[in-house]
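For reference, the structure discussed in these notes is given below.
The values are calculated or read from the model by the stated rules, or taken from the named source; none is laboratory data. Here the structure is a predicted model, which means the values were calculated and not measured. Here the Cβ is made from the backbone with ideal geometry for all residues, glycine too, and neighbour counts use every protein chain on show. Each accessible area value is taken on the protein alone, full model and side chains, heavy atoms only, with ligands, DNA and RNA left out. Shrake-Rupley method; radii C 1.70, N 1.55, O 1.52, S 1.80 Å.
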Amino acid sequence: MPSRTSGLIDLHSHTTASDGSYAPRELVALAAELGLEALGITDHDTFDGYNQAVIDAANMGVRLVRGIELNSRFDVGAGKQRNIHMLAYFPASEPAAPFLTWLESQKQERRERNLRLVEVLQTQGVDISLAEVENVGRSLTGRPHFARVLVKKGYARDSEDAFRKYLGESAPTFVERQSFSTEQVIGKMRAAGGIPVVAHPVRINLLHDEAEARVMERLKEAGLLGLEVQHSDQSAELQDYYSGLARKLGLLETGGSDFHGEIKPDIELGSGRNGNIRVPFDYLEKLEAYSLK
Ligand code: AMP
Ligand code: FE
Ligand code: FE
Ligand code: ZN
């Protein structure tokens, strides 16, 4: 086994507790095998994967960072909204209880959305049931699990096709999940003692100019503390741009692969897409230093 002196970490990954294909223990084992010095588990909407990995990580000598990824809606003006994924890290403390209660209520909301989605798909002649999808998603069923069922039953070629035809925002059968505003989500994360970070900013689909800088400034006023500078979807040039933006605005820099396992087979833990990320241990030290302030 390689010694853990790579100096590299990964602060963005998913387990089977959300839509990843690696069980928490398997993910920690992979991180150890790759010689990563720390692993951030940032499942969508739940800490279950992190909680399940704590003992294994201690046994395998991987430093584990508690995180979470939540969707939010951001008002870009002219009545238009964009989705922004927000990460929160809790490197030094446990999330406050009201935050956990709120996450539970979100689970219920998700279940209701899934039920509506099944109904809409059925009206379009798709033979699908909630039980079938929940059997794939288990603890947290989301659209990627719908995609797998649709592919398996021959309604779509692959996951992308399923999102294009049935599940994505532009599909006729799209069903919206009720989401909080980005400012509200940041507020809840801060109140819980977390460090809010904008995940994969490239996906907000802004031009990388003054307007994007103003968006980040607005979010900083709402309590934002960091920007995910390194990510599998961000080119070296974009990573430089976001690093400069973070420094200019006084935001912490973070980075991670957004590893999901087999669901996104071109992304590797620790190194991203074709080795496009190299996240230094120093990023984690700065997160920790901030949360201990
Ligand atoms: P949900 O939280 O159930 O609404 O599902 C959101 C998840 O679906 C995201 O975290 C992505 O992993 C996945 N997703 C969203 N849009 C797409 C897309 N166009 N293609 C593939 N996966 C997507
Ligand atoms: Fe995901
Ligand atoms: Fe995301
Ligand atoms: Zn993610």
**Request:** Restrict the check to segment 150-165 and report whether at least one residue is more than 15 Å from ligand 2 (Cβ to nearest atom) and in contact with a Ser or Thr (Cβ under 6 Å, 6 or more places away or on another chain).
**Result:** no
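Tally up the residues in segment 86-100 that are under 17 Å from SER181 (Cβ atoms), part of a strand (DSSP E or B) and in contact with a helix residue (DSSP H, G or I) (Cβ under 7 Å, 6 or more places away or on another chain), please. Break it down stepwise before answering.
Going residue by residue through segment 86-100, those that are under 17 Å from SER181 (Cβ atoms) are 86-88, 99.
When the remaining residues are screened for being part of a strand (DSSP E or B), the result is 86-88.
Those left that are additionally in contact with a helix residue (DSSP H, G or I) (Cβ under 7 Å, 6 or more places away or on another chain): 86, 88.
Counting residues in segment 86-100 that are under 17 Å from SER181 (Cβ atoms), part of a strand (DSSP E or B) and in contact with a helix residue (DSSP H, G or I) (Cβ under 7 Å, 6 or more places away or on another chain) gives 2.
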**Whichever residue in segment 39-52 is buried (at least 23 other Cβ atoms within 10 Å of the Cβ) and over 15 Å from GLU94 (Cα atoms) and, among such residues, is nearest to ligand 1 (Cβ to nearest atom)** = ASP43
**Request:** Of all residues in segment 242-268, count the ones that are in contact with an Asp or Glu (Cβ under 9 Å, 6 or more places away or on another chain) and either within 17 Å of TYR89 (Cβ to Cβ) or more than 16 Å from ligand 1 (Cβ to nearest atom) (or both).
**Result:** 13
**Prompt:** From the set of residues in segment 194-214 that are within 16 Å of ligand 3 (Cβ to nearest atom) and outside any loop (DSSP other than H, G, I, E, B), which is farthest from LEU70 (Cα to Cα)?
**Reply:** VAL202
**Message:** Looking at ALA236 and the list (1) open to solvent by 10 Å² or more (accessible area, probe 1.4 Å); (2) touching a residue at least 24 places away in the same chain (Cβ under 8 Å); (3) under 24 Å from SER159 (Cα atoms), which single condition is not satisfied?
**Reply:** (3)
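Can you pull out the residues in segment 215-271 that are part of a loop (DSSP other than H, G, I, E, B) and within 16 Å of ligand 2 (Cβ to nearest atom)? Steps first, please.
Just the residues of segment 215-271 that are part of a loop (DSSP other than H, G, I, E, B), to begin with: 222-225, 232-235, 250-251, 257-258, 260, 264-267, 269-271.
SER232, ASP233, SER257, ASP258, HIS260, LYS264, PRO265, ASP266, ILE267, LEU269 - these are the residues of segment 215-271 that are part of a loop (DSSP other than H, G, I, E, B) and within 16 Å of ligand 2 (Cβ to nearest atom).
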**Asked** Which of the residues belonging to segment 147-196 are within 11 Å of ligand 1 (Cβ to nearest atom), surrounded by 14 or more Cβ atoms within 10 Å (Cβ to Cβ) and acidic (Asp, Glu)?
**Response** ASP161
**Request:** Give me a count of the residues in segment 53-80 that are closer than 24 Å to GLU109 by Cβ and more than 15 Å from ligand 1 (Cβ to nearest atom).
**Result:** 6
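Which fully enclosed helices (runs of 4 or more DSSP H) of segment 102-193 have 1 or more residues being among the basic types (Lys, Arg)? First the steps, then the outcome.
Values: elements: 130-137, 143-152, 159-162, 182-191.
Fully inside segment 102-193 and qualifying: 143-152, 182-191.
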**Request:** Enumerate the pairs (first residue in segment 44-57 and without any contact (Cβ under 8 Å) to a residue 60 or more places away in the chain and within 24 Å of GLY142 (Cβ to Cβ); second residue anywhere and among the charged types (D, E, K, R) and within 15 Å of ligand 1 (Cβ to nearest atom)) with beta-carbon separation below 6 Å, excluding pairs fewer than 6 apart on the same chain, so at least 6 apart or on different chains.
**Result:** GLY49/ASP43
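Checking the condition modelled with pLDDT of 95 or more, on the phi < 0 side of the Ramachandran plot and not charged (D, E, K, R), which residue from ALA211, ALA236 passes?
Details: ALA211 fails: modelled with pLDDT of 95 or more.
The unique qualifying residue is ALA236.
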**Request:** Output the residue which, of all residues in segment 202-226 that are farther than 14 Å from SER181 by Cα and among the small types (Gly, Ala, Ser), is farthest from the chain's Cα centre (by Cα).
**Result:** ALA211
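Look at ARG143 and say whether it is within 18 Å of the chain's Cα centre (by Cα), closer than 14 Å to LEU121 by Cα and crowded, with 17+ Cβ neighbours inside 10 Å.
On the way: within 18 Å of the chain's Cα centre (by Cα): yes; closer than 14 Å to LEU121 by Cα: yes; crowded, with 17+ Cβ neighbours inside 10 Å: yes.
For ARG143, the condition - within 18 Å of the chain's Cα centre (by Cα), closer than 14 Å to LEU121 by Cα and crowded, with 17+ Cβ neighbours inside 10 Å - is met.
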**Filter result for LEU103 (more than 16 Å from ligand 3 (Cβ to nearest atom) and within 22 Å of ARG177 (Cβ to Cβ))** = yes
**Complete:** With the first residue restricted to segment 78-98 and required to be within 14 Å of GLY226 (Cα to Cα), and the second required to be more than 16 Å from ligand 1 (Cβ to nearest atom) and open to solvent by 10 Å² or more (accessible area, probe 1.4 Å), Cβ contacts under 6 Å at 6 or more apart or on different chains are PHE90/ARG66; PRO91/GLU288; PRO91/SER291
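Of everything in segment 53-99, what is of a type in the set (Asp, Glu) and open to solvent by 10 Å² or more (accessible area, probe 1.4 Å)? Give them in sequence order. Talk me through it step by step, then tell me what you get.
Let us first name the residues in segment 53-99 that are of a type in the set (Asp, Glu), namely 56, 69, 75, 94.
Answer for segment 53-99, where residues must be of a type in the set (Asp, Glu) and open to solvent by 10 Å² or more (accessible area, probe 1.4 Å): ASP56, ASP75, GLU94.
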**Request:** Kindly indicate the residue of segment 239-289 that is touching a Ser or Thr at 6+ places or on another chain (Cβ under 7 Å) and modelled with pLDDT under 95 and also surrounded by the most Cβ atoms within 10 Å (Cβ to Cβ) among those meeting that condition.
**Result:** ILE263
